[in-house]
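Working notes for the structure below.
The values are calculated or read from the model by the stated rules, or taken from the named source; none is laboratory data. Quick caveat, the model's predicted, so the values are computed rather than measured. Glycine also receives a Cβ, built like all others from the backbone with ideal geometry; neighbour counts cover every protein chain displayed.
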Amino acid sequence: MAFRYTADVTQHSALNAQDFPDWSQIDDVLLDMDGTLLDRHFDNFFFEEELPRRYAALHRLSFQESRDRLMAMYRSVEGELAWTDLNYWTRRVGLDVVAMHKELDHMIGFLPGAEAFLRHLRQLGKRVTIVTNAHTTGVSVKVAKTGLDCYVDRIVDAFEVGYLKMRPEYWPTCQQVVGFDPSRSLFMDDDEGCLTAAKAFGVAHLVHSAKSSSQLPPTPLPHFFSITGFAPLLNGRSLG
């Protein structure tokens, strides 16, 4: 869902960018989808601009009135599965949100370097799983557009787990679904709440994607290994 820094990596801990990650200590790589691999600009535009415009036309509201009303709706279910359920939003706003996603799928795409990073993980022989809060239908639209599924071993959406990633209940259930060892796993996400929940569960290697949208400046976090691109995860290798 929706919502000036020049260095490639922000360090606020003892972690050394030249030494992290130690891939010999990692078997499973758990990657968020939107804002980590895919450009969150699509989601920001869709939920903060396009849907408010169409909702305004449907209900004869000003754009600002429409946007304020929708933002309140989003907040009312934040942290619940309904927050990312496209079918739920279709019912609630009276517009076919799934059809709109397909109509605007030309805006869906990878963040710079994401495909090369996924290929690098393949070369390293890591098991790569997408763990996303997105709804199953939304995942299908984005996979059809990008071919993301061809780069990974599995895509697990929140509806398969039963919780969103910022919820503490998510991680033990996700572990049962995927079968990863937290002490030998790396998790990368652009959301602080999701990273905090993973840390509490004991996921050993955590990376924050500070550059979630190609259209917005990076937003590094002070308490995580926070990067603006994939180069710091390649241990000096080229993304080419």
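Quick rundown of the values:
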| quantity | calculated |
| --- | --- |
| Qualifying positions in segment 62-78 - assigned to a helix (DSSP H, G or I) and of a type in the set (Asp, Glu) | 65, 68 |
| Neighbours by Cβ (under 7 Å, 6+ apart or cross-chain): first from segment 169-195, under 26 Å from residue 125 (Cβ atoms); second among the aromatic types (Phe, Trp, Tyr) and not in a strand (DSSP E or B) | 171/201; 182/201; 195/224 |
| Residue in segment 20-34 that is under 25 Å from residue 92 (Cβ atoms) and small (Gly, Ala, Ser) present | no |
| Filtered residues of segment 83-97 (kept if surrounded by 16 or more Cβ atoms within 10 Å (Cβ to Cβ) and under 24 Å from residue 194 (Cβ atoms)) | 83, 84, 85, 86, 88, 89, 97 |
| Residues that are of a type in the set (Phe, Trp, Tyr) and either modelled with pLDDT under 95 or in a strand (DSSP E or B) (or both), drawn from segment 84-127 | 110 |
| Test: residue in segment 150-159 that is of a type in the set (Gly, Ala, Ser), touching a helix residue (DSSP H, G or I) at 6+ places or on another chain (Cβ under 9 Å) and buried (at least 18 other Cβ atoms within 10 Å of the Cβ) | yes |
| Top-ranked residue in segment 144-185 [being small (Gly, Ala, Ser) and touching a Phe, Trp or Tyr at 6+ places or on another chain (Cβ under 9 Å); ranked as nearest to residue 28 (Cα to Cα)] | 158 |
| Residues of segment 219-232 satisfying the condition of being outside any loop (DSSP other than H, G, I, E, B) and touching a strand residue (DSSP E or B) at 6+ places or on another chain (Cβ under 7 Å) | 225, 226, 227, 232 |
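So that you can scan it fast, the table gives a plain yes or no per residue for (1) surrounded by fewer than 21 Cβ atoms within 10 Å (Cβ to Cβ); (2) of a type in the set (Val, Ile, Thr); (3) under 12 Å from the mean Cα position of the chain (by Cα); (4) at pLDDT below 95:
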residue: 39; (1), (2), (3), (4): no, no, yes, no
residue: 52; (1), (2), (3), (4): no, no, no, no
residue: 58; (1), (2), (3), (4): yes, no, no, no
residue: 63; (1), (2), (3), (4): yes, no, no, no
residue: 71; (1), (2), (3), (4): yes, no, no, no
residue: 74; (1), (2), (3), (4): yes, no, no, no
residue: 78; (1), (2), (3), (4): yes, no, no, yes
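Residues checked against (1) under 25 Å from residue 43 (Cα atoms); (2) modelled with pLDDT of 95 or more; (3) outside any strand (DSSP E or B); (4) not assigned by TED's automatic domain parsing to the domain that holds residue 158:
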{"residue": "171", "(1), (2), (3), (4)": "yes, yes, yes, no"}
{"residue": "177", "(1), (2), (3), (4)": "no, yes, yes, no"}
{"residue": "193", "(1), (2), (3), (4)": "yes, yes, yes, no"}
{"residue": "197", "(1), (2), (3), (4)": "yes, yes, yes, no"}
{"residue": "206", "(1), (2), (3), (4)": "yes, yes, no, no"}
{"residue": "217", "(1), (2), (3), (4)": "yes, yes, yes, no"}
